[in-house]
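These notes concern the structure reproduced below.
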Amino acid sequence: MIDQGPEMEIVHLLRKVTVEFGLRQAEFAARHGMHTTDVRALICLLDAERAGTDATAGWLGAQLGLNSAGTTSVIDRLERLDHLERTRDPRDRRRVLLSVTPRAVELGRSFFGPLIDGTVAVLREFDESETAAVRRFLSAAHQAVTIVP
């Protein structure tokens, strides 16, 4: 019998949350004529923008685990849908930077906004130490699942 202690209960709850997020992403993609990888690409680009990271095709491909042909397909699809734009880097005109369009941001907000707002509302019920514990756990869990053997 597998240990079903409190740690495993939390692991199973985290899995339930990630599965639901994945289902919502797939639903969003299907509604808007996208592949789930397109949604992951948009998330990566939004995260890069928040972090102040220049997003190039090579960077995006590395984030998604795609080769250059696959990355180009994702970028082309998202550009055709007006979810992504390519601009020349003003510091190095040879580089092309990728960014999410305001239209895509609004589309995402209209779909994912209630989910995000509900999650934020739950977190606002936590005190600082509880929030710090959640942040510490999620950061460590993310690191644990991104370690490549």
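The values are calculated or read from the model by the stated rules, or taken from the named source; none is laboratory data. The model shown is predicted, which means the values in this text are computed figures rather than measured ones. We place every Cβ from the backbone using ideal geometry, glycine too, and count neighbours over all the protein chains shown. The accessibility values were calculated without ligands, DNA or RNA, using every heavy atom of the protein model including side chains. Shrake-Rupley method; radii C 1.70, N 1.55, O 1.52, S 1.80 Å.
Of the GluC sites (Glu not before Pro) in segment 72-141, the ones in a loop by DSSP (not H, G, I, E or B) with at most 12 other beta carbons within 10 Å are E125.
Nearest 0.05, what FRET efficiency do A30 and N67 give at R0 = 25 Å with Cβ-Cβ as r?
E(calc), rounded to 0.05, equals 0.50.
Label positions at T87 and A133, each projected 7 Å from the Cα along the C-beta direction, are separated by 4.4 nm. The residues of the chain present an accessible area of 70 Å² per residue when probed at 1.4 Å with all protein chains retained.
In the chain, taking the dipole from charged Cβ atoms about the Cα centre, the farthest positive-side position among P114, L138, T71 is held by T71. For the chain, the 222 nm mean residue ellipticity estimated from helices alone, with every DSSP H stretch of n ≥ 4 adding -39500 (n - 2.57) and the total spread over all residues, rounds to -23500 deg cm²/dmol.
Å³ per residue of the Cα convex hull, for segment 6-79?
107
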